[in-house]
Amino acid sequence: MNEPTERTLVETKVAVIGCGAMGQALIRGFCRDRKLKPEHISVFDIGEQRLAEVRPLGVRIADSIAGAIEQAHIILLVVKPYAVANVVRALPDLRRGLLDSPLLVSVAAGVTVSSIQGFVGGPVQVARAMPNLACEIGQGMIALFAEDQTVLPNVERLFSLVGRTVCVQQEAELDCATALAGSGPAFAALFAEALTDGAILSGFPRDLAAVFAAQTLLGAAELFLKTGIRPAELKERVSSPGGTTIAGLHALEKGAVRGTIMTAVKAAADRAKELGS
């Protein structure tokens, strides 16, 4: 495959099919600090308003799928699972030749590599990626999978521009990644909102409460990632006998918060599997 090396990644030409929330987050992340040249990113979506929102970034707006992928090294399918079959079947023949065939990367939850290859109707290089909205600011968490391991370095280099990447060994693990990383920001937002409201209930100013909640969650996450401390260990360090933290944790346990969060992640993972079928 005629794919750019890490040294020439800035020259990579990417087509983004689908410009919803996730598509826009990826586009903005790629354009951030000109990690990719905006003029090398072509975008297609059936929604004019969505395209208008990314036009100021300097990306190339295509008037058709064929126009978007014409010179692309990598094609990102950032569409809903139910739309994948129709979009893939609408793609022009991707088999340009052994050396210049583009890499097709699906961001659709649940739709397997084998299904996508079946929609294409012939041999083509396919990978899957499961990113989240934090890609917009370069802080995404992205799970990657491909049956053909040789394509993963190229996909990993691209997505490493917008966050932390992990290549999973089993495609089924992407369903859990969808629940944890893809849906996780919404779960974190709900928790941050609850922390904020709890502080307001206790008499704290709203604007300060929101900042305290967000920075506290950010700081805890940085501790996990940079020191390797386990969540349970951090919880123990903060909890003094008879102190404020253990009183709050007791209230959370009485409300079954931990079990509810576990159930939420499992429900999201199960839904990802359903969407694939």
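The values are calculated or read from the model by the stated rules, or taken from the named source; none is laboratory data. What you are looking at is a predicted structure, and each value in this text was computed from that prediction instead of being measured. Cβ atoms come from the backbone with ideal geometry, glycine included; neighbour counts cover every protein chain shown. Quick note on the areas: whole protein, heavy atoms, side chains included, nothing else; ligands and nucleic acids left out. Shrake-Rupley method; radii C 1.70, N 1.55, O 1.52, S 1.80 Å.
Let's see how each residue does on (1) of a type in the set (S, T, N, Q); (2) within 19 Å of the chain's Cα centre (by Cα):
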position	(1), (2)
S240	yes, no
A247	no, no
G255	no, no
R258	no, no
A269	no, yes
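Going through the stretch 241-277 one residue at a time, which ones are open to solvent by less than 70 Å² (accessible area, probe 1.4 Å) and not in a helix (DSSP H, G or I)?
Listed by number, the residues that qualify are G243, G255, A256.
Name the residues in the stretch 135-164 that are farther than 22 Å from S101 by Cα and in contact (Cβ under 8 Å) with a residue 60 or more places away in the chain, would you?
Within the stretch 135-164, C135, E136, I137, G138, G140, L161, V162, G163 meet the criteria.
Looking only at the stretch 228-240, filter to residues that are open to solvent by less than 90 Å² (accessible area, probe 1.4 Å), of a type outside the set (D, E) and assigned to a helix (DSSP H, G or I); which one of those is farthest from L180 (Cα to Cα)?
My answer is V238.
For T178, are the conditions met, namely being crowded, with 20+ Cβ neighbours inside 10 Å and without any contact (Cβ under 8 Å) to a residue 24 or more places away in the chain?
no
Please go through the stretch 154-175 and pick out each residue that is closer than 17 Å to V113 by Cβ and of a type outside the set (A, V, I, L, M).
Correct list: N154, E156, F159, C167, Q169, Q170, E171, E173, D175.
What is the residue count in the stretch 134-164 for residues that are assigned to a helix (DSSP H, G or I), touching a Gly at 6+ places or on another chain (Cβ under 8 Å) and surrounded by fewer than 19 Cβ atoms within 10 Å (Cβ to Cβ)?
The total comes to 1.
For P131, work out the one condition from (1) open to solvent by less than 10 Å² (accessible area, probe 1.4 Å); (2) more than 29 Å from A188 (Cβ to Cβ); (3) modelled with pLDDT of 90 or more it doesn't fulfil.
Unmet for P131, out of (1) open to solvent by less than 10 Å² (accessible area, probe 1.4 Å); (2) more than 29 Å from A188 (Cβ to Cβ); (3) modelled with pLDDT of 90 or more: (2).
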